[in-house]
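These notes concern the structure reproduced below.
The values are calculated or read from the model by the stated rules, or taken from the named source; none is laboratory data. Note that the structure is a prediction, hence the values are computed from the model and not measured. Reconstructed Cβ throughout: ideal geometry from the backbone, glycine too, with neighbour counts over all protein chains shown.
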Amino acid sequence: MSYRIGLGWDSHRLVPGRPLVLAGLNIPSELGELGHSDGDVLFHALTDAILGSIAAGDIGMHFPPSDPKWKDAASALFVKKALDILESSGFSIVNIDATIILEKPKLRDFIDSIRAAIASVVKIPITEVSVKAKTKEGMDAAGRLEAIEAQVAVLVKAGPFASQNA
Ligand code: MG
């Protein structure tokens, strides 16, 4: 059995007048992510983690922000396309571990919904999706409520699609 890991990280500015979107869910917040797409920092980090696991480039390469096609795009699309690339390379996702770095609002009440949203898009059981929330305790841009960050690790294994490409 062949296993590989991928690591993704993303950060967006937080501004008034934009929704806070995490894994496609609108989280009640005074500030939201500034971005060319919906700014979904968690799905962007997940996309990079999936692509990184098979050394298939990064989100900017596959979905350049200079392309008007991606303006205000729902970022689930990026995850789904990365998953297509992963599966056509003969790999599938084993589990996902994510950390969101956000000063406020507190995400505790939304964690299970975020886990379910990720599980649904990548088609794995929710038990294989971990989402954690951390604060920067007032330090750096995230600590000053100027930014949100997300980190995602993904483990992938060869198959069950490997036979199609053997
Ligand atoms: Mg991004």
Problem set entry | Given (1) in contact (Cβ under 8 Å) with a residue 24 or more places away in the chain; (2) away from the ligand (no atom under 13 Å from the Cβ); (3) among the basic types (K, R), number of the condition K69 does not satisfy | (1)
Exercise. Can you spot a residue in the range 88-111 that is acidic (D, E), within 24 Å of M1 (Cα to Cα), buried (at least 20 other Cβ atoms within 10 Å of the Cβ) and modelled with pLDDT of 95 or more?
Worked result: no
Exercise. Out of I59, I50, I54, which single residue is buried (at least 16 other Cβ atoms within 10 Å of the Cβ), under 21 Å from K123 (Cα atoms) and away from the ligand (no atom under 16 Å from the Cβ)?
Worked result: I54
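Across the range 34-47, what is the total count of residues that are out of contact with any Phe, Trp or Tyr (no Cβ under 8 Å at 6 or more places or on another chain) and more than 8 Å from the ligand (Cβ to nearest atom)?
Number satisfying all stated conditions: 4.
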Exercise. Mind checking whether some residue in the range 14-23 is within 12 Å of the ligand (Cβ to nearest atom), of a type in the set (A, V, I, L, M) and in a loop (DSSP other than H, G, I, E, B)?
Worked result: no
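Yes/no per residue for (1) modelled with pLDDT of 95 or more; (2) in contact with a helix residue (DSSP H, G or I) (Cβ under 6 Å, 6 or more places away or on another chain); (3) more than 24 Å from E137 (Cα to Cα):
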site: P16; (1), (2), (3): yes, no, no
site: G24; (1), (2), (3): yes, yes, yes
site: P28; (1), (2), (3): yes, no, no
site: L31; (1), (2), (3): yes, no, no
site: D38; (1), (2), (3): no, no, yes
site: L42; (1), (2), (3): yes, no, no
site: A45; (1), (2), (3): yes, no, no
site: W70; (1), (2), (3): no, no, yes
site: S75; (1), (2), (3): no, yes, yes
